[in-house]
Amino acid sequence: MGKHTLRVSELVICLSLFEIGSTTLFFMGSEAKQDAWLAMLIGALAGLILLILHLSIYRQEPNLDLFQLFRRYTGKYMGSLLNFMFVGYFAYETSRNVRDLGEVTLLTLLTRTPLWIVSLIAILVVANTVRYGYKVFFLICVILFPGMVVGYAIISILFPATGLLHLEFFLPILENGWMPVFKAAIPEIVSFPFGQVVLFLVFYPHARRAKNLPKAVITVYLLTALALTFLNQLIVLVMGHKLASFSTLPLLQSVQLIRLTEVFERTDALFILLFFLGLGIKMAAFFTGAVIGLERITGVSFKTWVFPMGAVIYGVSFLSPNYTHHIIVGRDITLNTSSPFFQIVLPLVLFIIMKIKRAPDNTA
């Protein structure tokens with residue numbers, strides 16, 4: 001896999017779509033109630049600190065990806081162990097996205113189709129995309145990006161145009177103080193979606209040498225965070241925090257309320273399309289990261305691992321017996337335990353080790 005084959009614009013566009021991913025499926029920061037927007041902003045700022053940490057790691061070794069860094073700075077055996085753990089983390093996140101896509105499809109479109117068929121089709125499509133390599137995947141993101149932006153812009157405009165927004169749902173601000181806001185933001189919103197950009201430590205070295213890479217990444221991250229905060233708060237302004245908290249698909253249910261004469265009566269179809277595209281991009285990104293990791297560890301070619309990894313991801317996606325269990329495991333366990341370990345602890349340890357081992361070179 002060649003180095004420096006990605007444009008910075010391609011990388012940041014993929015990062016933006018990756019962040020959007022499945023985020024719009026949920027009402028983020030529900031514990032903060034009408035102050036969910038504050039929780040989103042706090043989570044985004046905490047995620048920005050993590051992003052700066054990741055970019056600092058990249059700046060020290062711009063030619064090495066996440067897996068090569070751990071191998072170089074923690075040794076052959078410990079590095080391989082940590083790399084296998086990251087492969088498992090990326091694969092598990094992919095499997096969660098496969099399950100999300102399958103369950104949403106059954107709830108909204110193919111109500112009589114078995115889950116295993118929907119999930120099988122999804123993993124085959126994504127695996128086929130991954131098989132062509134990260135370059136093709138990033139180009140697909142560039143092609144889809146304008147449509148995603150226009151689609152969400154249309155939905156955002158139609159809410160006020162149809163009189164669905166209730167600004168009084170914003171109030172009262174900080175009714176119960178800052179504590180519920182911080183509890184809602186940390187660690188859940190940091191872990192999902194903002195901390196997941198740790199994946200891009202796999203892709204940064206493939207970008208063409210450009211001094212503006214960190215600046216571009218941070219700028220797009222902030223713009224995407226603001227967009228997600230806005231979309232998340234639309235749910236509150238349409239449904240109110242009480243209804244939104246108990247809704248399975250809150251933004252979709254909000255979109256289904258849009259009625260504008262006889263022109264826009266099925267905007268839910270537009271949202272489902274946007275959601276599927278975003279979720280597919282997130283699946284492909286994590287999937288690609290996992291396969292690159294296996295290539296780095298074993299030396300076996302990238303393409304060889306695609307379908308075996310796809311089979312593993314497909315099987316893991318059925319570990320939860322039902323969708324409720326799947327959500328509980330994700331929100332109560334994954335976001336509070338494993339995600340911070342991979343997004344915060346391991347990158348921070350790597351950064352410290354790199355600083356210690358490179359210190360003699362800096363003083364020479």
_Using a 7 Å offset from Cα along Cα-Cβ at ARG209, what residues in the stretch 34-67 end up with backbone N under 12 Å from the label point?_
62-63
_Summed side-chain charge close to SER245 - residues other than SER245 whose Cβ falls under 12 Å, Lys, Arg +1, Asp, Glu -1_ = +1
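Calculate the FRET efficiency for VAL142 and GLN60 from the Cβ-Cβ distance with a Förster distance of 30 Å, rounded to the nearest 0.05.
Result of the calculation: an efficiency of 0.55.
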*Figure the gain on full extension for ASN176 and ILE356 (residue separation times 0.36 nm, minus the Cα-Cα span) and round it to one decimal in nm.*
60.4 nm
*Taking only C-alpha pairs under 8 Å that are 6+ residues apart, what is the relative contact order of the chain in percent?*
40
*What helices does the chain have that are whole DSSP H segments, at least 30 Å long along their own axis by Cα, and with mean Kyte-Doolittle hydropathy of 0.5 or more?*
36-60, 134-161, 213-239, 267-298
_Label-to-label distance, nm, for residues given as THR111 and HIS325 (7 Å Cα→Cβ offset)_ = 2.5
_Loop-exposed GluC sites (Glu not before Pro) per DSSP, neighbour cap 16 Cβ within 10 angstrom, longest uninterrupted part of the chain_ = 1-174
*Could you work out how far apart the two model spin labels at LEU348 and LYS183 are, taking each label as a point 7 Å from the Cα in the direction of the beta carbon, and quote it in nm?*
2.3
*What does the charge add up to near TYR221, with Lys and Arg as +1, Asp and Glu as -1, over the other residues with Cβ less than 15 Å from its Cβ?*
0
*Could you tell me which label, among (1) 34, 30, 20; (2) 34, 24, 19; (3) 31, 27, 22, carries the value of semi-axes √(5λ) of the Cα gyration tensor in Å calculated for this structure?*
(2)
*Given charges at beta-carbon only (K, R positive; D, E negative), |dipole| of the chain in Debye*: 1360
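Quick note: the coordinates plus some simple rules give every number you see, no bench work behind them. Source: prediction; values computed, not measured. Cβ sites come from the backbone with ideal geometry, for glycine too, and all protein chains shown count toward neighbours.
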